[in-house]
Structure formats: structure tokens, C-alpha cells
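The next block holds one structure in the form of C-alpha cells; read it before the comments.
Rule-based calculations on the coordinates, nothing more; no lab input. What you see is a predicted model; the values in this text were computed from it and never measured. Glycine also receives a Cβ, built like all others from the backbone with ideal geometry; neighbour counts cover every protein chain displayed.
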Amino acid sequence: MFEGKRVVIYARVSTTRQEKNDLSLPDQIDTAERWIDEAGARKTRIYSEAGSATDDNRPEFQKMITWIESDEHPVDIILVHSLSRLFRNALDFMQYRERLRCKKIRIISVTQNFGDDPASDMAVAMLAIFDEYHSAENAKHVRRAMVANAVNGFWNGQTPPLGFRTYAVPQPRGKDRKKLEHDPETVDLVRYMFKTYLEGTADGPVGVTTLADHLNQRGERIQGKEFSHSRVHDILTNTAYIGYVIYNRRCSRTGEVRPETEWVPIPVPPIISEETFYAVRKQMADRDPKMGVDAEKTNTSLLTKRAVCGCGNDGCGSTMGARTGGSGRHSYYACLGRANKGSTKCQGRWVPRMELDTIVTDAVADHLSQPERLNALLQTWLDRSATAVAERKAELKRLRARLTALDGESALVIKLVRNKTFSPDDPHIASEVANIRAQRMSTQANVDVLEHQLEAENRRITPEIVTRFGDLLRQKLRGPDPRVRREYIQLLVERVEVGDQNIRITGRNTALERAVIASQKPDTAVPKADRKWCARQDSNLRPQA
């Protein structure tokens, strides 16, 4: 059945600690390789990682999906130890399964044997829901236990702040707990950082960025990495250094700040005095009253999180953020690698903000508004395979027939009960009704997906629509409303690489497709960003100075 099939193996553990138990990555991979040998299939690649499966934000998983969905169609099967290794979110699992099924790629579990019939689909869906429920319950119990552990003054296993290390505290029952103590190798570095920020160096006063540069030039490292602006800021504002660490302040999954009533202070031995700590905080506030969250809120730059330092090999690749000069009279995009880590990271690149905004806006307006260019960029989308459409229509017809048959089966069961051939309380009747209902739900879900796909296929783009969109794009990008201009740039532009001689602008075809569709509807807001519309050889020459 699987003879000669191309198989990619995906293995996952929730945390690196699972490397020590039966669900380790090598065990999963060994089991999968034995399955491939016994099935006579062919192994193509192996992807493995540690991390939660509650969403698809996993680097190796995304690499795998990008590869298997490439034009080469390199695999037939994704092989996992169990379905929970792939996802613990039922909706995400069902969406990816349908997405891969359309490309004729199967998901197979080594330890859970399912077929291809509707009953198997129902079983897989139910198992995905159970996995999600099981994951949520585990998370709830783990969080409750960790909060209780913190209330009792114990450390929950995260990486300790700089200047601290963990030590074991024996318990009368159960495994040892952990607390924090000073790390003799790094505690003096923390004191040096606070003292240097307050008093400066022989060269004069220092700020957070200058302090990061100073530490890096001294050869200091934090967890093997150079200091950055943000890491220094986090250390100088961390209450751990005056005797307490706040646990449960943020939701680890969403990053949202929890109510203060849920915060748990964990006592730790202080490293500096409260006077020193609050003197540093006051000095930071005096120098930058808009630091942190407020600064982010006031950032309305056109190319926020889009511009990067370097085009080719003439930059460091760091994000370029908005900076001001001349007491706020001049505005620039500056390399944050240089700003955060100093000259050891990058010599720096400053570009006048208005100049770069104009270059990018004009390039996008000129590049994307031409009908010939738009047609070329959208050609893959417009030329959907007629064979694929026909296959989907045939499958939709079959599924609708299946829904009709299930309705007939349901009516027959109801008739048997009404005729008193069977009692409504008969367990066989209840089981049959539940089975029919589950099959109908699974089939209806597949019908909904196919109808949505075919609806998208029927949205044909005519030359008139392309021309109209080009005119609209020019109008919006060169219009008087800066908010609309920023929304279109943020939608269509994914990355702006700023080099000494060239500027390369790239964006996603999917975002362009959404914008064209939205332009057909009057009074439609700018659609939200979701293949790159700028070909690899395309770049925009910077004007000569």
C-alpha cells in the first residue's frame, strides 16, 4: 500500500526534558524509520524540534510545510509518532489536514492506525479534539502547581536572571525544589552594570545603548551572547536585584499582562541596594520619558518593522527603527543592531526617513500599478488548474450524495423508533444515531471546505479589474491621507533591504491577491497582510547623492 511512497518524518517533544523519557526525539525517529522499512516506503527528510504544539508557530514545522508545498511536490506522507506530536489544537490540525489533502499528502501516525473512509475521518477529528482538551487540562494543572510552588518561595525552573544560580532544597516528600542564590561568577558584573550606568566611565556618562557597547567591548557575555540595548534595559529594571522576582506576571502563551492580584513575588537574596536601583530608574526616566511601551505607541513610521540594514552583503541585517536628531527636528531610519549592541555589531546606517518613505512609496506605486506587471505577478493565481477544479467539483458532488444518504439513514432509524420496532432507550439505537451524526458533521465540514475553495476559484480577474486596481493603488499611495498610504505599504511590502547602493523591496503575492479582490467591493477597508511579488533580480537603485 505504501510501497515506494516518499515520506517525511516529523518528531516533536514538548520540552527538552522529554529527551530523557520514552517520548524522546531519537525514539520517535527510530520508530518512524522502522515503519518506513516495513512499509517499503522511502525516507526523504527528518524534521524535529522541542516546543508546544498548541499552534503552528514552530520553526522546523514551518520549514517542513514550506518544503512539502513547494512546486517539486517532494513527499506523499507526513509520518508522526502520534497525531498529538503534530498538533494539540483541533482546528489547526483539521485545517492543515485539509490543506495537505488537497495536495494529495497524507498524515499518518505510527501508533494510531486510521483509514481513509468517513468513519476514520470522524475518529481522527475526535482524537484531535481530545488531544486539545488533554493539552488544556495539563496546562491548567501545571500552571496551578507552578503558582503554588512560587507562593512557597521556590523557583520554577526558568533561566535565572544574570547574577543568580539555582540550588536544590531537599523536601520531606517528593523531589527536591529549587531556590536562587548569588552566582559568584556573574554577581559582580550586575553590580558593575548598575554602578557604571549611574556614574559613567572615564569617557563620560553612559546610556543603556552605550553601556551595552561598553560591556561587549570588555568581552562580557550573557548566556554566551553579546549584550543588547533591550537586555541591558531588562537587567537595570529587574526587581530581582533588590530582593524579589515577580512570577505569573504575564501569560506565557499570549504575552498579556495578568491582573496584579495574580502576581506572585518570590523572595531572592538582593544584589544591590534599593537606593541604587531606584536611582537608576529615575536616571533612565529623566533621560527618556517615552521609553518602553509609550515609545512603541508613538511610532507611526511608514516602514516600521519592514526596513532592514543591508542589501546583499553590505549590512548586518538588523531591523532599522525610527530615530531623531537635531533636538527632534530631523527623523531617520537607523540600524538597531548598531543602536542596541554598538559598533561591535554594525558600523551603522542612517537614512533620512522622508527620503526612504518616498523611494519605497514611488517604487511600489510604479512597480505594481502597471497592468502588465500585475498580470504577470498574479498569473499563478489566475491560472488555477482546470483539472483540480474538476476534481473538487466531483468530490463535492460525492460528498453531497453522502449527506443525502446519511439523512436517509437517519430517517430510517427514526421510523424504526416511531413504529416501536426499537425503543428510544435501546443502546444500539443511541449508538447508531451518534455514529450517523458524527459522520454527517465530518462530511459537512469537508463540503464547507470544498465550497469555499470553489468559490475562490470562481473569482476571475479580468483585465478591466486589474487596470482599475492599478489606478486605485496609485491614487491611494500618492493621495493626501498618510494613514491609508501606510496601511497599503504595510500590506504590500514585507521587507525593505537598505544598502549603500541599492534598495530591494519585496512583498507577498497573497497580500496582493487580497488587495485586488478587496478593490472590487466599494468602501472596503484595506485588507490585512497574509509569495513575494518582487522577483529576485528586481531592486530599486538609490538616487545618487
Next on the checklist: Give me P(r) over the stretch 164-296, computed from all C-alpha to C-alpha distances, binned every 10 Å, as integer percentages.
Outcome noted: 10, 34, 37, 14, 4, 0
Next on the checklist: For the pair Lys415/Val433, report the inter-label distance in nm, with labels modelled 7 Å from Cα in the Cβ direction.
Outcome noted: 1.8
Item to check | Full-extension gain in nm, Arg281 to Ser70, via 0.36 nm per residue minus C-alpha separation | outcome: 70.8 nm
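How do Arg258, Arg440, Arg483 rank when sorted from fewest to most other Cβ atoms within 10 Å of their own Cβ? The partial results should precede the final answer.
Details: Arg258 11, Arg440 19, Arg483 8.
Final ranking by Cβ density, sparse to dense: Arg483, Arg258, Arg440.
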Checklist outcome for this item: Simple spin-label estimate for Glu98/Lys397, 7 Å along Cα→Cβ, in nm, reads 2.2
Checklist entry - Kirkwood hydrodynamic radius (Cα pairs, Å) of the stretch 386-457? => result 13.7
Checklist entry - How do Phe61, Phe87 line up, fewest other C-beta atoms within 10 Å first? => result Phe61, Phe87
Checklist outcome for this item: A correct Karplus calculation of ³J(HN,Hα) over the stretch 29-36, with 6.51 cos²θ - 1.76 cosθ + 1.60, θ = phi - 60°, whole Hz and x for Gly and Pro, returns 5, 4, 4, 5, 5, 5, 4, 5
Item to check | Packing-based exposure ordering (other Cβ within 10 Å, fewest first) of Tyr488, Tyr244 | outcome: Tyr244, Tyr488
Checklist entry - Does anything in the stretch 34-50 have its amide N under 13 Å from the 7 Å Cα→Cβ label point of Val142, and if so which residues? => result 50
Checklist entry - Looking at the stretch 230-277, which GluC sites (Glu not before Pro) are in a loop (DSSP not H, G, I, E or B) and have at most 15 other Cβ atoms within 10 Å? => result Glu256
